[in-house]
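Read the structure below first, then the notes.
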Amino acid sequence: ENLTVARDAISRYTLEKQIEEVLREVHLMDVTDDTRIKIEPVKVEKKITEKRLKERVLFDVRQLYEGVNSALYRLSGENKLNVDKFAKSITRMYEDASEPLTSQSVIYNLLVETLFDKTGRKYREACEIIISYFVQRCEVFDEITE
């Protein structure tokens with residue numbers, strides 16, 4: 001049991017380092033100034049209809065939301081990353097992807113793939129966690145209207 005806890009701690013630490021590395025690469029992404037960041041938070045459960053995708057995003061968020069958040073703001077403090085600009089670029093990627101595509105998992109995977117491509121194709125899992133973070137933060141997916 002102690003071994004499992006230790007292994008989990010090591011893998012979380014490794015993931016947090018990979019997330020930070022991906023975020024360091026991100027400043028290379030272009031973003032338009034007219035993209036608006038959504039301010040109103042909406043629970044993941046109210047945005048994702050696909051069960052497996054919802055479970056995956058919630059798992060990522062539970063495990064590493066704070067890790068992504070602290071990495072973003074640490075890099076911001078070092079002037080290595082503009083968090084608002086990055087959030088806008090994620091929003092923009094989402095808007096571009098969601099026009100032709102309807103499946104949430106297809107959109108999610110496209111965003112992950114785009115981030116993965118733009119950051120040198122390293123650490124796919126870190127890219128997934130970062131996109132999940134932005135689902136939670138509301139840059140990705142809108143509330144489902146009944």
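Take the residues in the range 103-144 that are of a type in the set (S, T, N, Q) and farther than 13 Å from LYS47 by Cα, then tell me which one is farthest from the chain's Cα centre (by Cα). Per the criteria, the residue is THR119. Among residues belonging to the range 117-146 that are open to solvent by 10 Å² or more (accessible area, probe 1.4 Å) and polar (S, T, N, Q), point out the one that is nearest to VAL26 (Cα to Cα). Here the answer is GLN136. Pairs are defined by a Cβ separation below 9 Å, a sequence spacing of at least 6 or placement on different chains, a first member in the range 43-67 that is polar (S, T, N, Q), and a second member that is part of a helix (DSSP H, G or I); the pairs so defined are THR49/GLN104; GLN63/ARG12; GLN63/LEU15; GLN63/ILE129. Considering only residues that are assigned to a loop (DSSP other than H, G, I, E, B) and modelled with pLDDT of 85 or more, look in the range 112-146 and name the one that is farthest from ILE48 (Cα to Cα). The qualifying residue farthest from ILE48 (Cα to Cα) is GLY120.
The values are calculated or read from the model by the stated rules, or taken from the named source; none is laboratory data. It should be emphasised that the depicted structure is a prediction, and the values quoted were computed from it without experimental measurement. Counting neighbours? That spans all protein chains shown, and the Cβs are built from the backbone with ideal geometry, glycine included. With ligands, DNA and RNA removed, areas are computed over all heavy atoms of the protein, side chains included. Shrake-Rupley method; radii C 1.70, N 1.55, O 1.52, S 1.80 Å.
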